[in-house]
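The values are calculated or read from the model by the stated rules, or taken from the named source; none is laboratory data. From a predicted model like this one, the values you see are computed outputs, not experimental measurements. Heads up, the Cβs are rebuilt from the backbone with ideal geometry, glycines too, and the neighbour counts pull from every protein chain shown.
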Amino acid sequence: MNEPLDLRALVRSRDRRPRPRWPAQRAAIATAPDRRAERVLSAHLTIDQADTLATFGWFDITSQHGNRYRIYRGQVVNVYRLVAGRSGRLRSVAGYCLRSDPPMPDADVMLTQLLLLRTDEDAFLQRAQRFDLRPPRRRR
């Protein structure tokens, strides 16, 4: 027996574009607002930060209070607080999510996060949703 065709599911499956592998594919399909947002973001980054963003998809910043953060490309849980471990390597201790409503290009959200952390870290921490990254301690 044939099941009825779910038109909504068919439309949703056709509307989904495959996520591009970046940076080359992402740049090829970017819209005008995305390109403009990328230009504004790159104007606020140092040369090293811009190179790291283009190569790895993230950049590090130091906040006004001296804390280090890594901002990844994206909008959801893309900011991580970094601390130096015993070996001196940086490790993430907390993740933060500061979303925009209505939706904005990723670069605009990243710029907002960057500027908030540079100028008013306390306001960022009040507005952002925090996610602990440390594993829970075992009970003995």
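Numbers for the structure displayed
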read-out	value
Criterion (surrounded by 11 or more Cβ atoms within 10 Å (Cβ to Cβ), in contact (Cβ under 8 Å) with a residue 24 or more places away in the chain and charged (D, E, K, R)) met by exactly one of ARG99, ARG91, ARG81	ARG99
Any hit, the stretch 95-114, residues being in contact with a Ser or Thr (Cβ under 9 Å, 6 or more places away or on another chain), among the hydroxyl-bearing types (Ser, Thr, Tyr) and in a strand (DSSP E or B)	no
Residue within the stretch 89-97 that is under 17 Å from the mean Cα position of the chain (by Cα), at pLDDT below 90 and more than 27 Å from LEU125 (Cα to Cα) present	no
The listed residue being of a type in the set (Gly, Ala, Ser), out of contact with any Gly (no Cβ under 7 Å at 6 or more places or on another chain), closer than 19 Å to LEU41 by Cβ and modelled with pLDDT under 85, out of SER100, SER63	SER100
Sole residue being surrounded by 12 or more Cβ atoms within 10 Å (Cβ to Cβ) and modelled with pLDDT under 90, chosen from GLN25, GLN49	GLN25
Which listed residue is polar (S, T, N, Q) and either in contact (Cβ under 8 Å) with a residue 40 or more places away in the chain or part of a helix (DSSP H, G or I) (or both), from GLN75, GLN49	GLN49
